[in-house]
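Note sheet for the following structure.
Nothing in this text is a laboratory measurement; each read-out follows from the coordinates by a stated rule. Note that this is a predicted model, so its numbers are computed, not measured. Positions of Cβ are generated from backbone atoms using ideal geometry, with glycine treated the same way; all protein chains shown enter the neighbour counts.
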Amino acid sequence: MTNVRALAAQTLFQVVDKGQSLNTQLPLAAKNLSPKDKALLQQICYGVLRYLPSLENYCQQLLEKPLKGKNRVFQFLLYVGIYQLQHMRVPEHAAVAETVNALMQMRAGGLKGLVNAVLRNFQRQQDTLEESSQGNDVLTFNHPGWFIKAVKEAYPEQWQDILEQNQLQAPMWLRVNQHMGSTEEYLEALDEAGIRAEYYPEYQDAIILDKACDVAKLPGFKQGASSVQDAAAQLAARLLEPQDDELILDACAAPGGKTCHILELAKANVDALDADSDRLLRVEQNLDRIGLEANCIHADASQPDTWWNGQQYDRILLDVPCSATGVIRRHPDIKWLRRKTDIDDLAELQGQILKNIWPLLKSGGTLLYATCSVLPKENKQQVAQFLADNSDAIHQPLHESDTPEAPGLQLLPGLTDGFYYAKIIKK
């Protein structure tokens, strides 16, 4: 039988040391597991990634020297064991026993004494070890130092709340397909199915579930009655305001939630573009499930000369590649895969895409710039620079304090994910 703790250690090793995405590694590790074990694997991997600096700190104090080379993966097994002892409702003896069993399955019986000793010592010294984290922001908030510094500078009043929100499990939001019934009607259908949920009127199509559930249990999901999409992401189509018969470009469309939402709101002609063919397939699958049609194009948004036919668009949704620092609670590996230098590289790419896509917009047309980042360099600074550089770009405020110098709407992680939107009209 496959040991979930062993799989977790191997997955975490691939993510943290080898730079692999948890999104790709987790399904590979989980493919032969029961639903219960899949959930446990995800819980452990997410948890260790959320608390990685603290777990590293404990091991540093409990080990004479870190495990390296071919034994490096067992360092992650120690993190798994300590995470269970500190954060999971697993009886202590079971957490230790299962971690040792994982070690045996990984054919490293020679380390049994070491692993046992580290976990037992953690139990004995837990209070002292936890106190050793105090006064150190990286250990207190479990984020990389460069990111803490960037968030402190950008949000002097809210930085602590942002970091704390990133450590929580993200809620499950649904988008109701208004073609198939109102939000109120879908709430009733959920209630009849025994699924508790709530409606926030400010997000017109959105329902938040009390507790995440399998989509197979959602009424009418297969038929397209609802889709899983955070309320912040649902604002994209609403702010774009698509109209019937318009030609619309969704420039970085995968996985297709926003494309589908645009088509749920208007009988428009949509070009859904993405540079990743595997992710573009997800767009097609989402369109098929809901019974919608778009022209899916496998191409790079930053190079329109390779795919554009010359017909200008009425509206463009530009959800650019970004640091994804607004969705860390959904993807905790982002904290350890991103580097400070990535932000400059991403900002340069975003600026290039914005510049190259702008000629594709009709005069009088609307461009909605979007990211799931909380960093100003990718957001308001990017858009402010574009407005300053382009005399035919007119800033369209989304709220009272939205100015050309500090443009856009910044949502921070909390009720919704962290997202940024800015609306630009072409003269």
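Please work out how much length the chain gains when fully extended from His399 to His179, using 0.36 nm per residue of separation minus the C-alpha to C-alpha distance, in nm with one decimal.
Working: separation 220, 0.36 × 220 = 79.20 nm, distance 2.87 nm.
Result: 76.3 nm gained on full extension.
How long are the three semi-axes of the equivalent ellipsoid of the range 4-141, in whole Å, if each is the root of 5 times an eigenvalue of the C-alpha gyration tensor, listed from largest down? Don't skip to the end; give the middle numbers.
Numbers: eigenvalues 97, 60, 45 Å².
Semi-axes from the Cα gyration tensor: 22, 17, 15 Å.
First select every other residue whose beta carbon is under 13 angstrom from the beta carbon of Pro332; then total the charges, Lys and Arg +1, Asp and Glu -1. Cβ neighbours under 13 Å give a net charge of +4. If you take all other residues with their beta carbon under 12 Å from the beta carbon of Leu281, and give Lys and Arg +1 and Asp and Glu -1, the sum is -3. Classify the range 171-229: rounded, prolate or oblate, from the alpha-carbon gyration tensor (a ≥ b ≥ c, eigenvalue square roots; a/c under 1.5 rounded; otherwise prolate if a/b is larger than b/c)? Since a/c stays below 1.5, the shape of the range 171-229 is classed as rounded.
Rounded to the nearest 20, the Cβ-based charge dipole of the chain about its Cα centre (Lys and Arg +1, Asp and Glu -1) stands at 2060 debye.
Along the positive direction of the dipole of the range 4-141 (beta-carbon charges: Lys, Arg +1; Asp, Glu -1; about the Cα centre), which of Gln84, Gly47, Gly109 reaches farthest? Looking along the dipole axis, the top candidate is Gly109. Looking at the range 1-106, the trypsin sites (Lys or Arg not before Pro) that sit in a DSSP loop and have at most 16 other Cβ atoms within 10 Å of their own Cβ are Lys18, Lys31, Lys68, Arg89.
Within a straight-line Cα-Cα reach of under 17 Å, Lys335 can be paired with the following lysines, leaving aside sequence neighbours fewer than 8 residues apart in one chain: Lys18, Lys149, Lys152.
About its Cα centre, the dipole of the range 171-229 is roughly 300 debye, where the only charges are +1 on Lys and Arg Cβ and -1 on Asp and Glu Cβ. Backbone geometry of the range 24-40 corresponds, through the Karplus equation with coefficients 6.51, -1.76 and 1.60 at θ = phi - 60°, to 3J(HN,Hα) couplings of 8, 6, 4, x, 5, 5, 8, 4, 9, 8, 6, x, 5, 6, 4, 4, 5 Hz, x marking Gly and Pro.
What does the charge dipole of the range 20-167 about its Cα centre add up to, to the nearest 20 debye, if the Cβ of each Lys and Arg holds +1 and the Cβ of each Asp and Glu holds -1?
Numbers: 15 positive and 13 negative charges, 183 e Å.
In debye, rounded to 20, the range 20-167 gives about 880.
Using a Debye calculation, one point per C-alpha and no hydration shell, please list log10 I(q)/I(0) for the range 244-328 at q = 0.14 Å⁻¹ in order. Values, matching the q order: -0.45.
Taking every eigenvalue of the Cα gyration tensor of the range 116-213, multiplying by 5 and rooting it, what semi-axes result, largest first, whole Å? Can you show the working numbers first?
Values: eigenvalues 334, 93, 16 Å².
Equivalent ellipsoid of the range 116-213: 41, 22, 9 Å, largest first.
Placing +1 on the Cβ of each Lys and Arg and -1 on the Cβ of each Asp and Glu in the chain, which of Leu12, Gln165, Val374 has its Cα farthest towards the positive end of the resulting dipole? Farthest towards the positive end: Leu12. Model label points for Asp191 and Asp276, set 7 angstrom from Cα along the Cα-to-Cβ axis, are 3.9 nm apart. Summarising the amide proton neighbourhood of Ala197: residues at separation of 5 or more, or on other chains, whose placed amide H is nearer than 5 Å comprise Asp210. Listed by chain and number, the aspartates and glutamates placed with their C-alpha closer than 18 angstrom to that of Lys38 are Glu98, Asp214, Asp333; residues fewer than eight positions away on the same chain are left out.
Simple spin-label estimate for Arg72 and Gln303 gives 3.3 nm between the two label positions (7 Å along the Cα-to-Cβ direction from each Cα).
With each label modelled as a point 7 angstrom along the Cα→C-beta vector, the Ser34-Glu92 pair spans 2.8 nm.
Place the peptides 189-197, 409-417, 225-233 in order of packing, highest mean first, counting for every residue the other Cβ atoms within 10 Å and averaging per peptide.
Working: 189-197: 14.3, 409-417: 20.7, 225-233: 22.6.
Averaged packing, sorted descending, gives the order 225-233, 409-417, 189-197.
Once the Cα atoms of helix 4-16 and of the chain are each reduced to a long axis, what angle between those two axes, in degrees from 0 to 90 to the nearest 10, is obtained? Tilt of helix 4-16: around 60 degrees.
Tally Lys and Arg at +1 and Asp and Glu at -1 over the other residues with C-beta under 12 Å from the C-beta of Trp159: what net charge comes out? Don't skip to the end; give the middle numbers.
Working: positive: Lys149, Lys152; negative: Asp137, Glu153, Glu157, Asp161, Glu164.
Neighbourhood net charge equals -3.
Rounded to the nearest 5, what % of DSSP beta bridges with both residues in the chain are antiparallel? Taking every DSSP beta bridge within the chain, about 55 percent pair in antiparallel fashion. Straight-line reach only, C-alpha to C-alpha below 12 angstrom: list the aspartates and glutamates that Lys427 could link to, leaving out same-chain residues fewer than 8 apart. Counting by Cα, and skipping residues close in sequence, Lys427 has these aspartates and glutamates nearby: Asp392.
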